[in-house]
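K.L.:
Before I ask anything, let me first share the structure, which is written out below as structure tokens.
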Amino acid sequence: MHRIPIQSLPDVVTREILSNMTPSEIFLASMTSKKTRKLIKRNIHKVDEVGVEITGPFFKIRAVVYMKVKGKTCNAVCLDFKEEGNDLNRFVDWRANNSYQILENIVVIPSIAPEFWNFPATCRQIHSIHSYVCDVFNINALNLSVRFPSDIYHECFDIGTVKKCTITDVELDNASLVKLFNKQKNMNLLIVENTREIFAFGSKDSFRHVPTVILRNAQARANVLLTRFQGQHGLLENCSLSGFYVNALMKLWSENEMDNLVSLIAYQSSQRLFDYEKVLGDLEWYLKHPERNTLIASRVEKPSEKRIYPYKSIITQEHQFEADTFDCDGGYDVVRNSDGKRATVKISKDYFMFFVWP
Amino acid sequence: MSSTEQGTSSAAPAEPTTAPESAAAPEVPESFYYVHGKDKVVHKVSAGALQHSALIHGMISNLGYTEEQAKANPFPFENIDGDILQMVVDWCNQHKGKPTPPEDTNLPKQKEKLFDLVLAVNYLEIKELLTYCCKQVAMMVKGKSPEEIREIWMIPTDAEDEAAEKEAKKRAGKEAAGETAAAAGDAK
């Protein structure tokens, strides 16, 4: 077998070698020695995020540690938990387990879960392997991202540790979601992916307090969120917007009811009609009748100067906006009477945007 | 000192036959340079082939050597073994004036020389060949367990690293003590 002393190579060469390796291979190489781990940490390419994805079925949990690099997601390593007997004290540390299975582009480490897999040992294993991978790839382990592509296994993470969570739209009415939010009050970003599955839309909005929310398939739920959102930034896609709820949002904001709101961007589904003319008509009417503005606790203006809204949400890391999205030229300004706070409204048959100026 | 003049005729790019004669630019005679490694065997290489090496390209770009001057002043690369330099020169000749395809079949095959080749290519700053060599090093550990990686990449265990560190500290302490004693002796 041909061999090569990797530790004797210059750093620039090590960097090039690492850039040709998959995250799983880098993970396995980091397990060879502490010195190699340091060498990898010194030369590893930039990773944007390290997270954990939990999949079922129940009592056979798989925790995959994945990473995002330049928008692409790659799996690095996973712990396969299997229930084994009633021995709650039996705990095998993943580091001590050498029976790795190396499947295509992922390392599988078999692990043992106690009878009730929400036993803290399972949780500890998941946090431990996530922290390890974060350390190797120089990512702050405190910014924990989790994904639940099937069911919501909120038991897998310690209280207050999850910062970003990705679920699917079919889970929005799942009772586990409420438990997840009760447990993870530090969560600052929720992404709800579009599964394209047919499901009944409920009106549960347990996520309305999360500071930043992205709904990829909002549909009629968008209207509920327009009037009940308590976070700062929202991005709603594939909506079924109604002019009634858009007007309601502006009224509530004018009356200081949605005081945390900074930006809300809602894109209408191409298959549904949006009665945006109703909102436009109201805005124009208030523009022409300033004496009636007091009735809506705000006044409407249409500034002529060119303005670009200074959008500073973490949503930009998850969504590529069109170049003119934040161009407020031609938008209507709603100025709150109580404190003079100004928000710009942009509306068309395809979207509704609401930007509160700093 | 012996000399090999290889790659100068076979690697010369073919002249386009379809171009109209009136549009053909006047032919500039190709310039050649000479390099040698640890074994002092001199290789004649065209300036075009040497463009792959950022290091040599930077050295020759402003020299303006005549053929005789270049022959009399071969670039010495004493830190590169002769056979490794030969491989590098062959590769540069084969890729003169063209980029490396993703699957390069004209690459050095001797895996046992990979370590020396990587160092030489890195020193000579031949980016495309370095990328290929690094891919080869990465491929060596594909599908291997940490234990196998340790063996292939000659990685000492933590215990071995600790023992080596202790030994190095001990040696450094002894040397420092020896120097102090010698200095005290000198002072007397």
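K.L.:
Let me spell it out: the conditions are (1) within 14 Å of chain B (Cβ to nearest Cβ); (2) at pLDDT 90 or above, and A:Gln101 meets all of them except one. Which number is the exception?
P.N.:
With (1) within 14 Å of chain B (Cβ to nearest Cβ); (2) at pLDDT 90 or above applied to A:Gln101, the lone miss is (2).
K.L.:
If you scan segment B:27-50, which residues turn out to be without any contact (Cβ under 8 Å) to a residue 40 or more places away in the chain, part of a loop (DSSP other than H, G, I, E, B) and crowded, with 17+ Cβ neighbours inside 10 Å?
P.N.:
none
K.L.:
Could I ask something else about it? I need the full set of residues from segment B:58-81 which are outside any loop (DSSP other than H, G, I, E, B) and exposed (fewer than 15 other Cβ atoms within 10 Å of the Cβ), in order please.
P.N.:
Once the filter is applied, which keeps residues that are outside any loop (DSSP other than H, G, I, E, B) and exposed (fewer than 15 other Cβ atoms within 10 Å of the Cβ), segment B:58-81 yields B:Gly58, B:Met59, B:Glu67, B:Glu68, B:Gln69, B:Ala72, B:Pro76.
K.L.:
So how many residues does segment A:184-198 have that are free of Cβ contacts under 8 Å to residues at least 60 places away in the same chain and under 14 Å from A:Ile167 (Cβ atoms)?
P.N.:
8
K.L.:
So which pairs qualify, if the first residue must be in segment B:141-157 and facing another protein chain (nearest Cβ under 7 Å), the second must be basic (Lys, Arg), the Cβ gap must be under 6 Å, and the two must be at least 6 apart or on different chains?
P.N.:
Every condition considered, the pairs that remain are B:Ile152/A:Arg3; B:Met154/A:Arg3.
K.L.:
Another question, then. Being within 11 Å of another protein chain (Cβ to nearest Cβ) and modelled with pLDDT of 90 or more, is that true of even one residue in segment B:102-110?
P.N.:
So far as segment B:102-110 goes, no, none of its residues is within 11 Å of another protein chain (Cβ to nearest Cβ) and modelled with pLDDT of 90 or more.
K.L.:
Considering only segment A:227-237, I want to know if a residue exists there that is touching a helix residue (DSSP H, G or I) at 6+ places or on another chain (Cβ under 6 Å), in a strand (DSSP E or B) and of a type in the set (A, V, I, L, M).
P.N.:
Yes, that holds for at least one residue.
K.L.:
I'd like to verify a number: residues in segment A:330-358 that are within 17 Å of A:Glu284 (Cβ to Cβ) and of a type in the set (D, E, K, R), how many?
P.N.:
Number of matching residues: 3.
K.L.:
With the structure loaded, tell me whether A:Asn260 is part of a loop (DSSP other than H, G, I, E, B) and surrounded by fewer than 19 Cβ atoms within 10 Å (Cβ to Cβ) or whether it fails that test.
P.N.:
Yes; evaluated as a whole, the condition is true for this residue.
K.L.:
Give the residues of segment A:5-14 that are more than 7 Å from every other protein chain (Cβ to nearest Cβ) and either over 35 Å from the mean Cα position of the chain (by Cα) or surrounded by fewer than 15 Cβ atoms within 10 Å (Cβ to Cβ) (or both), sorted by residue number.
P.N.:
Result: A:Ser8, A:Asp11.
K.L.:
Here's something else I'd like to know. Of (1) at the interface with chain A (Cβ under 9 Å from one of its Cβ atoms); (2) over 19 Å from A:Arg3 (Cα atoms), B:Ile126 satisfies all except one. Which?
P.N.:
(1)
K.L.:
Further, regarding this structure: Please work out which one of (1) of a type in the set (Phe, Trp, Tyr); (2) without any contact (Cβ under 8 Å) to a residue 24 or more places away in the chain; (3) in a loop (DSSP other than H, G, I, E, B) is the condition A:Tyr311 fails and give its number.
P.N.:
(2)
K.L.:
Another question, if that's okay. Just checking, how many residues over segment B:158-188 are surrounded by 10 or more Cβ atoms within 10 Å (Cβ to Cβ), modelled with pLDDT of 90 or more and among the hydrophobic types (A, V, I, L, M, F, W, C)?
P.N.:
Adding up the residues that qualify gives 3.
K.L.:
Something else: Out of all the residues in segment A:24-45, which are in contact with a strand residue (DSSP E or B) (Cβ under 9 Å, 6 or more places away or on another chain) and within 8 Å of chain B (Cβ to nearest Cβ)? Break it down into steps so the answer makes sense when it comes.
P.N.:
Here is the first cut: in segment A:24-45, the residues in contact with a strand residue (DSSP E or B) (Cβ under 9 Å, 6 or more places away or on another chain) are A:24-28, A:45.
If the condition is that a residue be in contact with a strand residue (DSSP E or B) (Cβ under 9 Å, 6 or more places away or on another chain) and within 8 Å of chain B (Cβ to nearest Cβ), then A:Glu25, A:Leu28 are the ones that fit.
K.L.:
All but one of (1) outside any strand (DSSP E or B); (2) surrounded by 16 or more Cβ atoms within 10 Å (Cβ to Cβ) hold for A:Lys163; state the number of the condition that does not hold.
P.N.:
(1)
K.L.:
Here is a further query. Restricting to segment A:211-226, name every residue that is in a helix (DSSP H, G or I) and touching an Asp or Glu at 6+ places or on another chain (Cβ under 7 Å). Steps first, answer last, please.
P.N.:
The first filter runs over segment A:211-226 and keeps only residues in a helix (DSSP H, G or I), leaving A:221-226.
Of everything in segment A:211-226, those that are in a helix (DSSP H, G or I) and touching an Asp or Glu at 6+ places or on another chain (Cβ under 7 Å) turn out to be A:Val224, A:Leu225.
K.L.:
Then there's this: Answer yes or no as to whether A:Ser206 is assigned to a helix (DSSP H, G or I) and over 14 Å from the mean Cα position of the chain (by Cα). Working first, answer last.
P.N.:
Working: assigned to a helix (DSSP H, G or I): no; over 14 Å from the mean Cα position of the chain (by Cα): yes.
So A:Ser206 fails the test.
K.L.:
Which residues, taken from segment B:116-140, are without any contact (Cβ under 8 Å) to a residue 60 or more places away in the chain and either within 23 Å of A:Ala96 (Cβ to Cβ) or not aliphatic (A, V, I, L, M) (or both)?
P.N.:
In the first step, residues of segment B:116-140 are kept if they are without any contact (Cβ under 8 Å) to a residue 60 or more places away in the chain; the result is B:116-122, B:130-140.
If the condition is that a residue be without any contact (Cβ under 8 Å) to a residue 60 or more places away in the chain and either within 23 Å of A:Ala96 (Cβ to Cβ) or not aliphatic (A, V, I, L, M) (or both), then B:Asp116, B:Asn122, B:Thr131, B:Tyr132, B:Cys133, B:Cys134, B:Lys135, B:Gln136 are the ones that fit.
The values are calculated or read from the model by the stated rules, or taken from the named source; none is laboratory data. Keep in mind that this is a model prediction, so the values were computed, not measured. Don't worry about glycine lacking a Cβ; one is built from the backbone with ideal geometry, like all the others, and counts go over all protein chains shown.
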